[in-house]
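Colleague: My structure is below; once you've seen it, I'll send some questions.
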Amino acid sequence: MAIERTYIMLKPDCVERGLMGQVISRIENKNYRIVDAKMMTLEEPVLREHYAHIADKPFFPDLVRYMTSGPVLAMIVEGENAVKGMRILMGATKFEEATAGTIRGDFACSTSENIIHGSDSVENAEIEIRRFFGC
Ligand code: IDP
Ligand code: MG
């Protein structure tokens, strides 16, 4: 295993519902370190880039509406095996597959409004950190 950096984003529903503290606690309890963080309000162009792999899906307009509906907390999270480890902490994308004990399993209300984003590979983590933090 290796020390990795991953891009984590607490989505507008997480901020709006006042769940940031609980989610950050889970990240810190796992001994990952938040090495940078900032509140941001996203606009459509960056979301088209970030979600290019699903931009042709019928739910994409709703996803943009949701992701621009309020501020997000963008973070760089570092730790042993952090890319895969954060995906495990987050839980599955599909609402019905996100098991209890994961962030999405415990807090998400639907497949679309699902609290948290985490990079899905080391390569994408680098791209996403550059996209949102410019480093
Ligand atoms: P991930 O966030 O688990 O990596 P992706 O497939 O990359 O999942 O999808 C990005 C985001 O798009 C999801 O987190 C969710 O907010 C939304 N999304 C994905 N699939 C669906 C769907 O089938 N219906 C509605 N929204 C979806
Ligand atoms: Mg993804």
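The values are calculated or read from the model by the stated rules, or taken from the named source; none is laboratory data. Remember, it's a predicted structure, so these values are computed and weren't measured experimentally. Neighbour counts are summed over all protein chains in view; Cβ atoms, including those assigned to glycine, are modelled from backbone coordinates with ideal geometry. Remember, those area values only see protein heavy atoms, side chains included, never the ligands or the DNA or RNA. Shrake-Rupley method; radii C 1.70, N 1.55, O 1.52, S 1.80 Å.
Colleague: Checking GLY85 against (1) over 18 Å from TYR51 (Cα atoms); (2) within 14 Å of ligand 1 (Cβ to nearest atom), which single condition isn't satisfied?
Modeller: Checking GLY85 against (1) over 18 Å from TYR51 (Cα atoms); (2) within 14 Å of ligand 1 (Cβ to nearest atom), the one that fails is (2).
Colleague: Having 3 or more residues that are within 14 Å of ligand 2 (Cβ to nearest atom) and modelled with pLDDT under 95 is the bar; report the helices (runs of 4 or more DSSP H) wholly within the stretch 30-135 that clear it.
Modeller: Per the criteria, no element qualifies.
Residues checked against (1) over 30 Å from MET1 (Cα atoms); (2) open to solvent by less than 80 Å² (accessible area, probe 1.4 Å); (3) out of contact with any Ser or Thr (no Cβ under 8 Å at 6 or more places or on another chain):
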{"position": "ARG33", "(1), (2), (3)": "no, no, yes"}
{"position": "LEU47", "(1), (2), (3)": "yes, yes, no"}
{"position": "TYR51", "(1), (2), (3)": "no, yes, yes"}
{"position": "ALA55", "(1), (2), (3)": "yes, yes, yes"}
{"position": "LEU73", "(1), (2), (3)": "no, yes, yes"}
{"position": "VAL77", "(1), (2), (3)": "no, yes, no"}
{"position": "GLU80", "(1), (2), (3)": "no, no, yes"}
{"position": "VAL83", "(1), (2), (3)": "no, yes, no"}
{"position": "LEU89", "(1), (2), (3)": "no, yes, no"}
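Colleague: List pairs: first in the stretch 116-127 and open to solvent by 10 Å² or more (accessible area, probe 1.4 Å), second within 10 Å of ligand 1 (Cβ to nearest atom), Cβ under 6 Å, 6+ apart or cross-chain?
Modeller: Cβ pairs passing all conditions: HIS117/MET9.
Colleague: Continuing with this model, one more query. Do you know which of the residues in the stretch 10-24 that are assigned to a helix (DSSP H, G or I) and either open to solvent by 50 Å² or more (accessible area, probe 1.4 Å) or in contact with a helix residue (DSSP H, G or I) (Cβ under 7 Å, 6 or more places away or on another chain) (or both) is nearest to LEU89 (Cα to Cα)?
Modeller: VAL23
Colleague: Can we say GLU96 is more than 22 Å from ALA74 (Cβ to Cβ), charged (D, E, K, R), within 13 Å of ligand 1 (Cβ to nearest atom) and open to solvent by 60 Å² or more (accessible area, probe 1.4 Å)?
Modeller: Yes.
Colleague: Among the residues of the stretch 39-59, count how many are more than 15 Å from ALA74 (Cα to Cα) and either more than 8 Å from ligand 1 (Cβ to nearest atom) or touching a Cys at 6+ places or on another chain (Cβ under 9 Å) (or both).
Modeller: The total comes to 8.
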